[in-house]
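Working notes, structure below.
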Amino acid sequence: MTTALAVTSHDHMLPPPDRNTPRAHVFKSPGEQPLDAALAETQLLIEQHGYLVVVHPNTLPRPFLHRLHTIRSVLESDRIALLPTTLPPLGIAVLVRQLRQLSLCEFSPGVLGAAARLLAHYVYSGALLNSVAKLDHVPVSLTAHAKSWMPGAQFAVLAAPAPQLVRLTGSGNEADGTLAGPRFATQLTVATGQLTSEWVTGTLARQWQVGGVREAYLPGDSARWWGTGKLIEFAAAIPDVSVLYQLVSSVRRDECHWCGLELIGDRCAFCAAPAASGPAAPATPVAHRSSPHARHAVVADPRGL
C-alpha cells in the first residue's frame, strides 16, 4: 500500500529531480472548487493509494484549513494526515520534494507522514530582502527596522531551522555577520523576486559549500510571507534520496497506541495521539569532517524527533 502526498498550492510543486519522483495532488481553495468535487478527488486518492499526507503552511487561510478538516470529517477517514509547517513558501516546496522522493521507498504511511517534521529540521530556509519593516515571521530588532528605511539596504534572513538576520553592507557582497548554514551536504534552491543580487548564488553558496544551485519560480505567497516583493528566496536541503532514506531509517520507530500505525517522533501524523513512550528529543544534524572540505551524511538523534 502506497501513500499519496498533497499540497495546497501549485507553488509547492517543484520540478522533480528525476523521472521517477511522483507529483503531489494539489488541493484547490474553497473559492476554486465545490466541496463535492474536492470530496470525490480525495476519496479517489485514498482508494488508489490507501493513505494521504497533506502538507500545508501554518498560515493557510482559515476557510481553506476548514475545507481540509471538513473533507477529513465527512469522509470519516483516519487515513488522511494534515501536517502544518512553519517553513517559508520555498522551504515548503523543497520539503515536499523530499517527501515525494521518499514516497517511492518502503516506508509505512505513519513513518512517511512523521518524516515531514523530521526533515523540516534539515531545511535551511531564508531570503535576501531589501526591507524587514513588514517581516513578521522572524524576530527583527528596532535597529534593523530603522535601517530598513536606508536607501540600498539589504538583509539576509534565515527563518529555519533557527531565525537569524544579518545586514549586507557596501556593494551588497559583504555582511555584518554570517548566516549559520548546514554542516552536511546540501543543494541550494533559489527563487528570485523583484531584487537583483548575486549574493545568494555567489557568497552564500560558497559559505554554505552547497553541491549545486537550482533555480525555481518564486512562490506566489512569498511576498506576503516575507513582507516585501523585493526579495530572493532560498532553501538549502539534502538532495540525495539515499541520504534521506538513511536519515529517516535511523530514527526509532514506535507503534501508535491509538490507531496502530508506525510513528517516529512524539506523536502520530494521522491521529495526533502522543507516542506511548513520551516525547523525544529533536533530531540533531551531525557532520563529521576528515578534512576541511569533507562533508558527510547526517544522522538523526536515535531518540526521535
Which one is surrounded by the most Cβ atoms within 10 Å (Cβ to Cβ) among residues in region 112-145 that are β-branched (Val, Ile, Thr) and either modelled with pLDDT under 95 or part of a helix (DSSP H, G or I) (or both)?
-> Val132
Take region 67-111 and flag every residue that is among the basic types (Lys, Arg), in a helix (DSSP H, G or I) and in contact (Cβ under 8 Å) with a residue 60 or more places away in the chain.
-> Arg97, Arg100
What pairs can you find where one residue is in region 1-24 and free of Cβ contacts under 8 Å to residues at least 24 places away in the same chain, the other is surrounded by 13 or more Cβ atoms within 10 Å (Cβ to Cβ), and their Cβ atoms are less than 6 Å apart, with a gap of 6+ or different chains?
-> His10/Val26
Region 9-55: number of residues that are in contact with a helix residue (DSSP H, G or I) (Cβ under 8 Å, 6 or more places away or on another chain) and either of a type in the set (A, V, I, L, M, F, W, C) or assigned to a helix (DSSP H, G or I) (or both) = 15
Scan region 22-33 for residues that are over 17 Å from Leu45 (Cα atoms) and either crowded, with 21+ Cβ neighbours inside 10 Å or not charged (D, E, K, R) (or both) and jot them down.
-> Ser29, Pro30, Gly31
Is one or more of the residues making up region 199-212 under 30 Å from Arg79 (Cα atoms), part of a loop (DSSP other than H, G, I, E, B) and either in contact (Cβ under 8 Å) with a residue 24 or more places away in the chain or not hydrophobic (A, V, I, L, M, F, W, C) (or both)?
-> no
Trp208 is checked against (1) open to solvent by 20 Å² or more (accessible area, probe 1.4 Å); (2) more than 20 Å from Val96 (Cβ to Cβ); (3) within 19 Å of the chain's Cα centre (by Cα) and fails just one. What number does that condition carry?
-> (1)
Test result for Gly220, under 18 Å from the mean Cα position of the chain (by Cα), modelled with pLDDT of 95 or more and of a type outside the set (A, V, I, L, M, F, W, C) | yes
Restrict the check to region 167-179 and report whether at least one residue is modelled with pLDDT of 95 or more and surrounded by 15 or more Cβ atoms within 10 Å (Cβ to Cβ).
-> no
Would you say Ala191 is closer than 25 Å to Asn58 by Cβ and at pLDDT 95 or above?
-> yes
Run down His56, His69 and say which single residue is within 30 Å of Tyr124 (Cα to Cα) and either open to solvent by 30 Å² or more (accessible area, probe 1.4 Å) or among the aromatic types (Phe, Trp, Tyr) (or both).
-> His69
Residue hits (region 104-127; touching a strand residue (DSSP E or B) at 6+ places or on another chain (Cβ under 6 Å) and more than 21 Å from Thr59 (Cα to Cα)) are Ser108, Pro109, Gly110, Val111, Leu112
For region 213-253, which residues satisfy the criterion of being within 10 Å of Gly193 (Cα to Cα), open to solvent by 60 Å² or more (accessible area, probe 1.4 Å) and touching a Leu at 6+ places or on another chain (Cβ under 8 Å)?
-> Lys230
Within region 186-198, can you find the residues that are open to solvent by 20 Å² or more (accessible area, probe 1.4 Å) and not in a loop (DSSP other than H, G, I, E, B)?
-> Gln187, Thr192
For Gly260, are the conditions met, namely being loosely packed, with under 14 Cβ neighbours inside 10 Å, farther than 30 Å from Lys134 by Cβ and modelled with pLDDT of 95 or more?
-> no
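The values are calculated or read from the model by the stated rules, or taken from the named source; none is laboratory data. Keep in mind the model is a prediction, meaning the values are calculated, not measured. FYI the Cβ positions are ideal-geometry reconstructions off the backbone, even for glycines, and counts take in every protein chain you see. Surface areas here come from the heavy atoms of the whole protein model, side chains and all, with no ligands, DNA or RNA. Shrake-Rupley method; radii C 1.70, N 1.55, O 1.52, S 1.80 Å.
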